[in-house]
Amino acid sequence: MTQAIAAKGIRIDFAPRGGVLQRMEITDEATSIAPLHRAPWSRADVPVNAPPHEEWLAGDFLAAPFGAKGPHGLHGLPANGDWRVTPSGPGTLRAILEGEVQGATVIKELSLQDDHPFVYQRHLFIGGSGALPVANHAMVSVPNGARLSFSRKRWWETLAEPLETTRGRSRLAYPRRTEDAAEFPAADGSSVNLHRYPWGEAHEDFVAGIEDPTSRLGWTAVVRPTEGDLFLSLRNPAQLPMTMLWHSNGGRDYAPWNSRHTGCLGVEEGAALPLLGLSSRETPDPLTAAGQPGLVTLDPQGSTDIRHVIGAIRWPSGQTVAGVMLDGDLLTITGDWGAERTVALRGSWLGIGQQGAQKPKPAADWDL
């Protein structure tokens, strides 16, 4: 059963099974925007040996460890387990993962604020040991195509192997790395423009962009011209230096996908070096060499706080986003032909300019 929280102009639904931010609905300029994707199947369509999260694939969830081979699949226990919702204040939902991740207790907190078109999302790892790949896993519904823009990236890189070969199709070349997002190598020898969705007909692909170390604010903008709106993903690039794109557009022919899972764009922000097909094999790897974290490191005696913001606004011009700038508690989005919107944002919440996010409160202060 889902639970809802709301503030003026925004409402979200949370599903404790899988810890899914299942739906986000924003009212902006008298228009309702619901940008998150939901898979077109029921639980009965999902094979018994599939990861549990495929039964309820929708919205946004936490993947940790991301890409690891284990009993909880490629997205880990947070995406496949149960979360216990605990009491919290107005406009806030807090939940605790049943079970541990590398010995850490994991707390999820989703909060809203009146007239802010954003969900403020944080995950707190209390204790635990070692380092692990972590990413948020927002899925945007783009049935009519989209235009993508990003904060400055050093390069783009695919996995070691294609997502699909014998039971489906992948469009990109694997493994490959290039600095130009507009001309990423394709499997057939041509090139693909990563700034556009889709990249081709009936394909399943994954590619990651590595942030420029000088970036102050990490952002991804997905313009949906037909819908007249804009999805935004914001993060502190000093903590989460990777933007990973999952194109799921009819490229899997087996159940439950059956070539019908189309128009889905995953915008997955995180630190997940092992998913880079070339860079993960280099010593030192190019993230570490530039002082960027390739993994999230847990603190056995303390906690690790990961923050991420997603939201949406009306964007009737359909212009490609040229820039996103944070100034105090205001976020200004500009288009490549002069469109501009300024919206409210908790300016200090992401801990921009710090090595990580805001310092969390002591574990004793949480209702565990």
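Regarding Gly89, is this residue more than 19 Å from Thr304 (Cα to Cα) and in a loop (DSSP other than H, G, I, E, B)? Spell out the reasoning first.
Values: more than 19 Å from Thr304 (Cα to Cα): yes; in a loop (DSSP other than H, G, I, E, B): yes.
For Gly89, the condition - more than 19 Å from Thr304 (Cα to Cα) and in a loop (DSSP other than H, G, I, E, B) - is met.
Among the residues of the stretch 332-346, the ones that are under 20 Å from the mean Cα position of the chain (by Cα) and either part of a loop (DSSP other than H, G, I, E, B) or free of Cβ contacts under 8 Å to residues at least 60 places away in the same chain (or both) come to 2 in all. Scanning the stretch 122-163 for residues that are crowded, with 19+ Cβ neighbours inside 10 Å and acidic (Asp, Glu) yields one hit, Glu157. What number of residues in the stretch 41-80 are at pLDDT 95 or above, under 23 Å from Leu298 (Cβ atoms) and in a loop (DSSP other than H, G, I, E, B)? Count: 4. Number of residues in the stretch 169-184 that are out of contact with any Phe, Trp or Tyr (no Cβ under 7 Å at 6 or more places or on another chain), over 19 Å from Leu273 (Cβ atoms) and either of a type in the set (A, V, I, L, M) or surrounded by fewer than 19 Cβ atoms within 10 Å (Cβ to Cβ) (or both) equals 4. I'm trying to understand the selection: among the residues of the stretch 58-83, which are crowded, with 17+ Cβ neighbours inside 10 Å, within 20 Å of Gly277 (Cβ to Cβ) and of a type outside the set (Gly, Ala, Ser)? Once the filter is applied, which keeps residues that are crowded, with 17+ Cβ neighbours inside 10 Å, within 20 Å of Gly277 (Cβ to Cβ) and of a type outside the set (Gly, Ala, Ser), the stretch 58-83 yields Pro65, Phe66, His75. Kindly check whether there is at least one residue in the stretch 306-315 that is over 30 Å from Glu29 (Cα atoms) and under 21 Å from the mean Cα position of the chain (by Cα). Within the stretch 306-315 (the criterion being over 30 Å from Glu29 (Cα atoms) and under 21 Å from the mean Cα position of the chain (by Cα)), the answer is yes, since at least one residue qualifies. Pairs meeting the criteria (first residue in the stretch 178-202 and farther than 22 Å from Thr220 by Cα, second residue outside any loop (DSSP other than H, G, I, E, B) and aliphatic (A, V, I, L, M), beta carbons under 7 Å, at least 6 apart or on different chains) are Ala186/Leu172; Ala186/Val192; Ala187/Leu172.
The values are calculated or read from the model by the stated rules, or taken from the named source; none is laboratory data. Just so you know, these numbers come straight off a predicted model, no measurement behind them. Note: ideal-geometry Cβ built from the backbone for every residue, glycine included; neighbour counts use all protein chains shown.
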